[in-house]
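Where a number appears in this text, it was derived from the coordinates with a stated rule and is not lab data. These figures come from a predicted structure and were not determined experimentally. Quick reminder, even Gly has a Cβ in these numbers, built from the backbone with ideal geometry, and neighbours come from all protein chains shown.
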Amino acid sequence: MKYALIGCGRVSPNHITAALQNGLEVVALCDLLPEAIAALQQQFPELGAVKTYTDHRDMLRAEKPELVAIATVSGAHAAIAVDCIRAGCNVIIEKPIALSLADADLVLAEAEKANVKVCANHQNRFNSSVQAIRAALEQGRFGRLYHATAQIRWNRSKAYYDQAPWRGTWAQDGGCLMNQCIHNIDLLNWMLGSQPVSVTAVTDNLSHGYIEGEDIGLAIIRYQNGAYGTVEGTVNVFGGDLEEVLCLFGETGTVKAGGTINDVVETWRFADAPPEEEAAVKQRFSKAADHIYGCGHTPLYADMIDAIVHDRAPYVDGHAGRNALELVLAIYRSSLEHKPVSLPLSAASTLDSVGMFPNK
């Protein structure tokens, strides 16, 4: 299967590794900055002879890839995805799938019209710990779910934002909830398995006055099925990244996954569990990943390839990406309006939040 990568920045090595491990034929690399492509080729010498482009439209016309991954500036995801889809390409889109609901809906509509697959790159769904939790959920071991929590306690310094001026801007990114926290927000939505119906939230910029977006966000979400979710996301943690935590609290089960990316199981309690099960599960999932991107890209790619071959929806489809986007935008709106917000939203964009922190 012919594959191309658009965007050769920070996360691109994970995409190339996943593509190579899944036997894809890498036919092109594309980035606005030739030096970014060169750095990636230096890291992967086997890509030295691969065609390179600075304009993705030229690349699409010349190479006609079957699968394209989009790992560019967040604000460009949707427009590039639409170009790829209209060229007949299946797409893997890095998070977030778009920065507005209108753009996300356009991506989904164009994909349906062209009969191609869209995968939202929420790779943490493939963490083995997360898969174990999901299996317990699908087996009904939690009984009725009461609530779940997503906590992202990380650090991002000025040096991080200086590396790429688009980071932290409303036009091209958003704040920590849209960039760092959206993976865990996706897991929260997925595990609770119901449409959010209301959000009450606050966001602020406490220590990153050089960016436009938030560096902390707190939210309470009510879901259609009666369950509740909470989000705590921050990049203000002193001393570096602390943890990313997912907790599920049900009638007959309690689980806590921690570590840097929900990959260390810290609590595993079920009414139907034999006494030795919790210790065994905690032992199995006791080692944290070496990097915040984890190991989920390779299985995500494998699933997307299988979805294309067998004409089915990807495990993490475009609608999942839209759902995570909508929840973040609802949190922004609640914070902006200082009141609860009902979902679904009719329209929303990160640009709605321009000027939210005028004194920063």
Let me spell out the model: positive unit charges on the Cβ of Lys and Arg, negative unit charges on the Cβ of Asp and Glu, origin at the Cα centre of the range 179-270. What dipole size does that give, in debye rounded to 20? 400 debye
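At most 16 other C-beta atoms within 10 Å and a DSSP loop state: those are the exposed chymotrypsin sites (Phe, Trp or Tyr not before Pro) I care about. Give me the longest piece of the chain that has none. It would help to have the intermediate numbers written out before the result.
Values: sites that count: Trp166, Tyr210, Phe238.
The longest uninterrupted stretch comes out as 1-165.
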Check cross-link reach from Lys95 to the lysines: straight Cα distance under 23 Å, and skip same-chain residues fewer than eight apart. Lys2, Lys113, Lys117, Lys158
Dmax and Rg, reported as Rg then Dmax, of the range 230-360 (C-alpha, Å): 19.2, 56
Normalised by the number of residues in the chain, what is the relative contact order in percent for Cα pairs under 8 Å and 6+ residues apart? 19 percent
Reachable lysines from Lys282, criterion Cα separation under 22 angstrom, eight or more residues apart if same chain: Lys256
Under unit Cβ charges (Lys, Arg +1; Asp, Glu -1), what dipole magnitude, rounded to 20 debye, does the range 91-227 have relative to its Cα centre? 600 debye
Report the residues of the range 114-154 in range of a label on Ala273: point 7 Å along Cα→C-beta, backbone N strictly under 14 Å from it. 129-130, 132-137, 141-143
For semi-axes √(5λ) of the Cα gyration tensor in Å, with candidates [x] 31, 25, 20; [y] 35, 23, 20; [z] 40, 22, 19, the value calculated from the shown model is option [x]
Between the modelled labels at Ala288 and Gln163 (7 Å from Cα along Cα→Cβ) the distance in nm is 1.8 nm
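Where both partners of a DSSP beta bridge lie in the chain, what percent of those bridges are antiparallel, to the nearest 5? Provide the component values of the computation, followed by the final result.
Working: 38 of 65 bridges.
Here the antiparallel bridges make up roughly 60 percent for the chain.
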With the dipole of the range 229-360 defined by +1 on each Lys or Arg Cβ and -1 on each Asp or Glu Cβ, the option from Thr254, Pro340, Thr298 whose Cα lies farthest towards the positive pole is Pro340
With an 8 Å Cα cut-off and a minimum separation of 6 or more residues, compute the relative contact order for the range 218-303 in percent. 17 percent
At 0.890 mPa s and 25 °C, Stokes D of the range 167-228 from Kirkwood alpha-carbon radius, µm² per second: 194 µm²/s
In whole angstrom, the spacing between the Cα centers of the range 89-105 and the range 189-258 equals 22 Å
